[in-house]
Amino acid sequence: MDVPVSKIACRATIIHCLDDPGIDPGSPNMQVIEDGLLVINDGLIESVGPAEVIQPTLEPSVPIKNYREQIIVPGFIDTHVHYPQTDMIASYGEQLLDWLERYTYPTETRFENPDYAREVARFFVAEMQKNGTTTAAAFATTHPGSVDAIFSEAEDAGMRLIAGKVLMDRNCPENLQDTADSGFEDSHALIKKWHNRGRLNYALTPRFAPTSSARQLELTGQLASEFPDVYIQTHLAENRKEIEWVAELFPGHRSYLDVYRHFGLTRKRSIFGHCIYIDDDDRKLLHDTGSAVAFCPTSNLFLGSGMFDLDAASQSGVQVGLGSDVGAGTSFSMLKTMAEAYKVLQLLHQPLPAYRALYLATLGGARALDLDDKVGNLLPGKDADFVVLDTRSTSLIERRTRDAQDLHSKLFALIMLGDERTISATYCFGKQVHGD
Ligand code: GUN
Ligand code: ZN
């Protein structure tokens with residue numbers, strides 16, 4: 001029988017989540033296959049299971065890549081990242097509002113130059129793929145050209161990307177401001193151009209409430225109702241001074257989240273970054289409206305913002321994904337992001353086993369982005385987005401994982417000690433985009 005050239009199989013240990021495993025490392029919501037085979041056909045996953053079961057069913061001409069001693073997991077999902085902040089990552093010393101003024105706005109001003117935007121976008125997409133991230137929700141800048149740049153690069157690289165033009169018409173440098181009307185027009189045109197094109201989706205992107213007038217938020221709500229399947233991404237309750245500022249700018253609201261609700265911005269496909277200082281009423285509103293949260297631990301530590309309460313979020317039923325939040329976040333690596341999530345939660349005395357960390361970075365992120373019918377685990381029919389983790393990627397990881405008692409312990413050590421060197425291959429839609 002003829003086999004399409006795009007059909008391949010990969011042999012490795014395979015770990016993925018069928019549902020949230022919670023804190024039980026033995027959860028039946030995990031599929032853990034010590035010697036597994038993943039079969040990919042035409043960009044999609046055709047089958048997954050023990051090699052001894054799957055291999056006899058394969059046509060003999062299907063090439064099998066041998067990743068034995070390595071671990072295949074689903075491609076990572078970064079639910080909150082700023083690609084224009086790549087060149088200012090790790091800028092010293094400030095908390096959120098001063099950090100925005102001192103570093104972020106000057107850097108984002110450079111995106112008026114489309115050549116610069118294109119060059120940063122290319123680097124950013126390559127960096128994501130090197131780190132095993134195959135899906136991301138990214139902020140651009142106020143410049144429409146910055147959106148074209150990141151979508152073009154993601155499209156060329158086969159990456160799944162949600163992105164949008166930042167809307168901000170006040171309380172930031174004038175040369176970065178749009179107006180309520182121009183922001184509306186530009187977003188409308190960008191939705192028409194990019195939304196639902198291949199693996200790309202558009203996100204209405206008001207930066208955060210303080211930099212948008214009521215009129216701009218109102219028009220954003222109008223676009224949201226005109227295009228019910230576009231995404232909405234913004235920041236919420238990251239920093240105490242930010243919250244005080246929102247209360248001054250939008251008096252009379254029960255909470256910061258209530259401002260967004262008022263303008264019709266809380267719904268399925270709304271993703272709120274941070275959500276550190278929210279209460280149970282806010283959590284209920286997030287859950288009831290189908291909104292999701294991006295937990296960004298490296299950023300929350302770096303800017304001294306605070307600790308995200310994952311248990312409270314989980315109890316409310318709201319979907320939570322992980323975000324790198326580069327450039328307030330200090331790493332593109334979702335392994336490092338998982339490791340820092342573990343440490344933040346340790347401070348709150350909340351456990352985060354490796355399988356739950358993996359869930360947040362894969363299926364949890366996919367659910368937060370309403371993409372779990374396409375990505376997030378390795379079930380047949382899903383996009384073949386996956387990562388190969390190398391247990392020999394550094395001498396320390398090799399030494400530490402050699403004697404690991406079980407696969408959960410091995411994965412935990414890989415998460416704690418891993419970085420981009422640990423990603424030996426990345427596949428996007430069945431195509432290898434990184435690694436030998
Ligand atoms: N709040 C508003 N803008 C930003 C941003 O660029 N990064 C972070 N971390 N928080 C924000
Ligand atoms: Zn952010």
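The values are calculated or read from the model by the stated rules, or taken from the named source; none is laboratory data. The model shown is predicted, which means the values in this text are computed figures rather than measured ones. Note that we place each Cβ from the backbone using ideal geometry, even for glycine, and neighbour counts take in every protein chain shown.
Of all the criteria given as (1) farther than 23 Å from Thr362 by Cα; (2) in contact (Cβ under 8 Å) with a residue 60 or more places away in the chain; (3) among the acidic types (Asp, Glu), the one not satisfied by Glu34 is (1).
Just checking, does segment 207-215 include any residue being touching a helix residue (DSSP H, G or I) at 6+ places or on another chain (Cβ under 8 Å), among the aliphatic types (A, V, I, L, M) and away from ligand 1 (no atom under 11 Å from the Cβ)? So far as segment 207-215 goes, no, none of its residues is touching a helix residue (DSSP H, G or I) at 6+ places or on another chain (Cβ under 8 Å), among the aliphatic types (A, V, I, L, M) and away from ligand 1 (no atom under 11 Å from the Cβ). Among the residues of segment 274-324, those that are over 19 Å from the mean Cα position of the chain (by Cα) and of a type in the set (Ser, Thr, Tyr) comprise Tyr277, Thr289, Ser305, Ser316.
Per-residue answers, yes or no, for (1) of a type in the set (Gly, Ala, Ser); (2) out of contact with any strand residue (DSSP E or B) (no Cβ under 7 Å at 6 or more places or on another chain):
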site: Trp245; (1), (2): no, yes
site: Leu249; (1), (2): no, yes
site: Gly252; (1), (2): yes, yes
site: Phe263; (1), (2): no, yes
site: Lys268; (1), (2): no, yes
site: His287; (1), (2): no, yes
site: Ala292; (1), (2): yes, no
site: Phe302; (1), (2): no, yes
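For segment 221-243, a residue qualifies if it is touching a strand residue (DSSP E or B) at 6+ places or on another chain (Cβ under 9 Å) and either among the basic types (Lys, Arg) or within 15 Å of ligand 1 (Cβ to nearest atom) (or both), and the qualifying residues are Ile232, Gln233, Thr234, His235, Leu236, Ala237, Glu238, Asn239, Glu242.
Of the helices (runs of 4 or more DSSP H) lying entirely inside segment 304-408, those containing at least 3 residues that are within 16 Å of ligand 1 (Cβ to nearest atom) are 334-347. Just to be sure before I move on: is Val246 in contact with a Cys (Cβ under 6 Å, 6 or more places away or on another chain), within 16 Å of ligand 2 (Cβ to nearest atom) and not in a loop (DSSP other than H, G, I, E, B) in the structure I sent? Against the criterion (in contact with a Cys (Cβ under 6 Å, 6 or more places away or on another chain), within 16 Å of ligand 2 (Cβ to nearest atom) and not in a loop (DSSP other than H, G, I, E, B)), Val246 does not qualify.
Results for (1) in contact (Cβ under 8 Å) with a residue 60 or more places away in the chain; (2) surrounded by 24 or more Cβ atoms within 10 Å (Cβ to Cβ); (3) assigned to a helix (DSSP H, G or I), shown as yes or no for each residue.
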site: Ala136; (1), (2), (3): no, yes, no
site: Ser146; (1), (2), (3): yes, yes, yes
site: Ser152; (1), (2), (3): no, no, yes
site: Asp169; (1), (2), (3): no, no, no
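Tell me which of these Asp288 doesn't satisfy, since it passes every other one: (1) among the charged types (D, E, K, R); (2) within 16 Å of ligand 1 (Cβ to nearest atom); (3) within 28 Å of His195 (Cβ to Cβ). With respect to (1) among the charged types (D, E, K, R); (2) within 16 Å of ligand 1 (Cβ to nearest atom); (3) within 28 Å of His195 (Cβ to Cβ), Asp288 is out only on (2). In a residue-by-residue description of segment 84-98, the property of being at negative phi and away from ligand 1 (no atom under 15 Å from the Cβ) applies to at least one position.
Would you please name the residue that is farthest from ligand 2 (Cβ to nearest atom), looking only at residues in segment 65-101 that are at pLDDT 95 or above and charged (D, E, K, R)? In this case the residue turns out to be Lys65.
Within segment 198-214, the set of residues being within 19 Å of the chain's Cα centre (by Cα) and away from ligand 2 (no atom under 16 Å from the Cβ) comprises Gly198, Arg199, Leu200, Asn201, Tyr202. Looking at segment 81-92, I want the residues that are aromatic (Phe, Trp, Tyr) and have a partner that is within 11 Å of ligand 1 (Cβ to nearest atom) with Cβ atoms under 8 Å, at least 6 apart or on another chain. Which pairs are those? Cβ pairs passing all conditions: Tyr83/Phe139; Tyr83/Val326. Taking the criterion of being touching a residue at least 60 places away in the same chain (Cβ under 8 Å), under 24 Å from Lys410 (Cβ atoms) and crowded, with 18+ Cβ neighbours inside 10 Å, the residues of segment 41-71 that qualify are Ile45, Val48, Tyr67, Gln70, Ile71.
Go through Leu347, Leu369 for me and flag whichever is touching a residue at least 24 places away in the same chain (Cβ under 8 Å), surrounded by fewer than 24 Cβ atoms within 10 Å (Cβ to Cβ) and among the hydrophobic types (A, V, I, L, M, F, W, C). Criteria check complete, one pass: Leu347.
Candidates are the residues of segment 262-285 that are among the hydrophobic types (A, V, I, L, M, F, W, C) and assigned to a strand (DSSP E or B); the one that is farthest from ligand 1 (Cβ to nearest atom) is Ile271. Is it true that Gly22 is part of a strand (DSSP E or B), out of contact with any strand residue (DSSP E or B) (no Cβ under 6 Å at 6 or more places or on another chain), of a type outside the set (A, V, I, L, M, F, W, C) and more than 29 Å from Asn201 (Cα to Cα)? When the stated conditions are applied, Gly22 does not pass them.
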